[in-house]
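Asker: Here it is, the structure, as structure tokens.
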Amino acid sequence: MSLELTINEQIKQAMLGKKEADLRGLRAIKSAILLAKTSGTNKDGLTAEDEMKMLQKLVKTRKDSLDIYIQQNREDLAKVEREEIEVIERFLPKQLSEEEIKAVVKDVIAQVGATSAADMGKVMGASTKALAGKADGKLVSAIVKQLLG
């Protein structure tokens, strides 16, 4: 079943169950799907990779907003963002732990032959491909800096 059909079905379930938090998150995903489909770049429909990138972007923007709300002591708004992040992350692959990410990055460093921080671009490129959808880019970047630094 495609992501769009799954989302539509879950929206119905959330409406019947009167789950406001789920409904907000699901509607955000549906909105992003509709925008992607009508943007003209995805005339053949969304691939699984496109869907995953779109979901990651939704989570990233919400995490950025969450950080701002926490800094401004706006717990009411932070709560909404946390709830939406939780809903969207249900549709993403399980995120790897920091230890698992370190293991992958170490393998990439060995494959690329990186020896210093000057090789960070090569390592980041290969690492982001290897960890696509499974790890947050900021965390991967921090681990690469730590291992090369």
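Asker: Give, in nm to one decimal, the length gained when the segment between LYS19 and SER2 is fully stretched (0.36 nm per residue of separation minus the Cα-Cα distance).
Answerer: Between LYS19 and SER2, full extension yields an extra 3.9 nm.
Asker: Place +1 on the Cβ of every Lys and Arg and -1 on the Cβ of every Asp and Glu in the chain, take the dipole about the Cα centre, and give the residue among THR38, VAL59, GLN10 whose Cα lies farthest towards its positive end.
Answerer: Of the options given, the answer is THR38.
Asker: Compute the normalised compactness of the stretch 3-89: alpha-carbon radius of gyration over 2.2 N^0.38 Å, N being the residue count.
Answerer: Working: Rg = 14.0 Å, N = 87, 2.2 N^0.38 = 12.0 Å.
Computed over Cα atoms of the stretch 3-89, the ratio equals 1.16.
Asker: If each residue of separation counts as 0.36 nm, what is the full-extension length gain between LYS138 and SER97 once their alpha-carbon separation is subtracted?
Answerer: My answer for the length gained is 13.4 nm.
Asker: GluC sites (Glu not before Pro) within the stretch 67-148: which are DSSP loop residues with at most 12 other Cβ atoms inside 10 Å?
Answerer: none
Asker: Could you work out [θ]222 nm for the chain from helices alone, using -39500 (n - 2.57) per DSSP H run of at least four and dividing by all its residues? Round to the nearest 500 deg cm²/dmol.
Answerer: It comes out at -24500 deg cm²/dmol, rounded to the nearest 500.
Asker: Something else now. Compute the distance in nm between two label points, each set 7 Å from the Cα along the Cα-to-Cβ direction, one at GLN111 and one at LEU77.
Answerer: About 4.1 nm, to one decimal.
Asker: Mean shadow of the chain, computed from the convex hull of its alpha carbons, in nm²? Before the final figure, lay out each step's value.
Answerer: Details: hull surface 44.3 nm².
Result: a mean projected hull area of 11.1 nm².
Asker: Just report the Cα centroid separation between the stretch 18-56 and the stretch 73-129, whole Å.
Answerer: 21
Asker: Mind listing which trypsin sites (Lys or Arg not before Pro) in the stretch 44-92 are in a DSSP loop and have 16 or fewer other Cβ atoms within 10 Å?
Answerer: ARG74, ARG90
Asker: In percent, what relative contact order does the stretch 1-81 have, based on Cα pairs under 8 Å that are 6 or more apart in sequence?
Answerer: 21
Quick note: the coordinates plus some simple rules give every number you see, no bench work behind them. Fair warning: this is a prediction, and the values are worked out from it, not measured in the lab. Positions of Cβ are generated from backbone atoms using ideal geometry, with glycine treated the same way; all protein chains shown enter the neighbour counts.
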